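First up is the structure itself, then whatever we jot down about it.
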Amino acid sequence: MSVLSRRRWTGPGSRSGTISCCRHCRACSFQQRLSYTTLSDLALALLDGTVFEIVQGLLEIQHLTEKSLYNQRLRLQNEHRVLRQALRQKHQEAQQTCRPHNLLVLQAAQQREQEAVEHRIREEQRAMDQKIVLELDRKVADQQSTLEKAGVAGFYVTTNPQELTLQMNLLELIRKLQQRGCQAGKTTL
């Protein structure tokens with residue numbers, strides 16, 4: 001069944017409808033209002049299969065990017081763990097060799113040093129998280145631009161949350177249609 005035959009019109013002669021890939025799938029149960037023109041343009045863009053290949057390529061690039069960013073954050077967390085362990089070891093050794101009458105002064109200095117290191121760690125983690133968010137935002141804009149250039153209806157560079165949600169739903173619909181096309185191809189063999 002084609003995507004256009006799955007839409008339900010809001011009323012007789014209405015120029016907008018709701019679209020759903022299937023009744024049971026949470027990912028495809030979105031109820032976005034799309035114009036007939038958008039639906040038609042999307043269907044036309046999907047006919048030759050190029051859009052499916054583009055979406056698959058973008059998904060692979062996204063997964064590689066996410067994996068790389070995740071690994072960068074893990075490396076930073078490991079560096080921080082090693083730094084904390086080294087500082088703890090340094091403090092223990094200093095306390096063991098410290099004379100009892102200087103212990104309180106040493107502990108106060110160590111507390112200040114510990115707080116400074118923790119502050120530095122928080123700042124580095126915040127900076128890393130900001131870098132990750134910016135990189136992901138850049139990837140979203142790249143994906144939007146690529147799909148817009150490919151002529152996929154509903155895609156253009158935007159940061160509007162409602163438009164982003166619509167685009168994510170459109171992508172999920174395209175992926176579901178691709179999966180169904182692959183499954184249908186297997187059953188006809």
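The values are calculated or read from the model by the stated rules, or taken from the named source; none is laboratory data. What you are looking at is a predicted structure, and each value in this text was computed from that prediction instead of being measured. For neighbour counting, all protein chains shown are included, and Cβ atoms are generated from backbone atoms with ideal geometry for every residue, glycine included. For the accessible areas, the whole protein counts, side chains as well, though only heavy atoms, and no ligand, DNA or RNA atoms are used. Shrake-Rupley method; radii C 1.70, N 1.55, O 1.52, S 1.80 Å.
Structure above, values below:
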quantity	calculated
Residue-normalised accessible area of region 28-97, expressed per residue, 1.4 Å probe, Å²	65
Solvent exposure, largest accessible area first (probe 1.4 Å, DNA, RNA and ligands not counted), of GLU113, GLU79, GLU118	GLU79, GLU113, GLU118
Listed residues MET168, MET128 arranged by accessible area, highest first, probe 1.4 Å	MET168, MET128
Sequence of ILE132, ILE121 from largest to smallest accessible area, 1.4 Å probe	ILE132, ILE121
Placed amide H near SER35: partners under 5 Å, 5+ positions off or other chain	none
Modelled FRET efficiency - R0 41 Å, THR146 with GLN77, Cβ distances, 0.05 increments	0.80
Proximal lysine pairs, region 45-189, alpha carbons under 23 Å, eight or more residues apart or interchain	7
Förster radius 25 Å - calculated FRET efficiency between LEU64 and ALA43 (Cβ-Cβ, nearest 0.05)	0.25
